[in-house]
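Here the structure is laid out as structure tokens; the discussion comes afterwards.
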Amino acid sequence: MQKSECHGVVQLRNRKAGSCDQRTSSSMQIKHRTTVQQSNSSSSTSSPETARKVHPRPSDKLNPKTINPVASDKRHMVIMMKNGNDTCNSSFLQAFQNKFGEQSRAPSAFAAIYSKGGIPCRLVHGSVKHRLQWECPPENLPFDPLLITLAEGLRETKHPYTFVSKEGFRELLLVQGALEKAVPLLPRLIPVLKAALVHMDDEVFARGLNALVQLSIVVGPSLNDHLKHLLTSLSKRLRDKKFKEPITSALQKLEQHGGNGSLIIIKSKIPTYCSICC
């Protein structure tokens, strides 16, 4: 009897201890949840500056001048202008213009040579049309490098360089003995003419095409070995209706002065070309 009562007391104590442990565990879970909520609440109410310090953005590391250097330099210029130092203001304004391209572009190679007197002729403005005045008779001038320099000027788009290069190239090829002087220059002259023929400007292309015909008249079949390097650009321009007639006329003159050898080369690059002999 006493043993059964003792056993019952032990079971009762165990039940009380289990319920106490459950209450303790529940209380600890509630406290943990409260702590987490308070932590989240404090982090959400923290200032944005604190958040940025914890998780810095890549842009925070940038130098402010690298973000908008133009605006920074403009502010600097305004500050210097307020100081009233004319010399300082002038020098800074000059540097500012140089930096941001407000000055005119540097002259091209042909323009620079022409300005320095490297081209022995000058443009003479006439009431009806312009002409060139040579410093000495063109037949006395060496073609190397004058003819190549004039060919490079065919890519110019500003006056007077456009007229000087076009007319100078034409007049130089008209002098006596031009054949002997021009043929040795063909390996260097053809790439320059090709640059004009592939130019996007229509007027530059037209000047290059005329120069090619003029060269063909002078050197004749000697041009055939270099002709294939020029026909690809002519073939592409044939798709443009406004150039179909002048290119066809130029090809006929190339055939006329280049002979049968030129016809074979032209047909290989431009199969639709119709020979003048047909």
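Taking 37 °C and 0.692 mPa s as conditions, segment 109-269 diffuses translationally at an estimated 203 µm²/s according to Stokes-Einstein applied to its Kirkwood radius (Cα pairs). Assign one of three labels to segment 140-193, namely rounded, prolate or oblate, based on the Cα gyration tensor with a ≥ b ≥ c the square roots of its eigenvalues; rounded applies when a/c is under 1.5, prolate when it is not and a/b is larger than b/c, and oblate otherwise. Taking the square roots of the gyration eigenvalues as a ≥ b ≥ c, segment 140-193 is oblate. Phi-derived couplings, Karplus 6.51 cos²θ - 1.76 cosθ + 1.60 at θ = phi - 60°, listed residue by residue for segment 212-229: 5, 5, 4, 5, 5, 4, 7, 8, x, x, 4, 7, 4, 5, 10, 5, 5, 6 Hz, with x used for Gly and Pro.
In this structure, the amide hydrogen of CYS121, modeled 1.01 Å from its nitrogen in the peptide plane, lies closer than 5 angstrom to those of GLU135, counting only residues at least 5 positions away or on a different chain. Using C-alpha pairs under 8 Å with a sequence gap of at least 6, the mean separation divided by the residue count of segment 109-269 gives a relative contact order of 18 percent. A crude spin-label estimate for the pair VAL198 and HIS159, with each label 7 Å from Cα along the Cβ direction, gives 3.1 nm.
FYI, it's all coordinate maths here, none of it is from the lab. Everything numeric in this text was worked out from a predicted model, so none of it was measured. With ideal geometry, Cβ positions are generated from the backbone for all residues, glycine too; neighbour counts draw on all protein chains shown.
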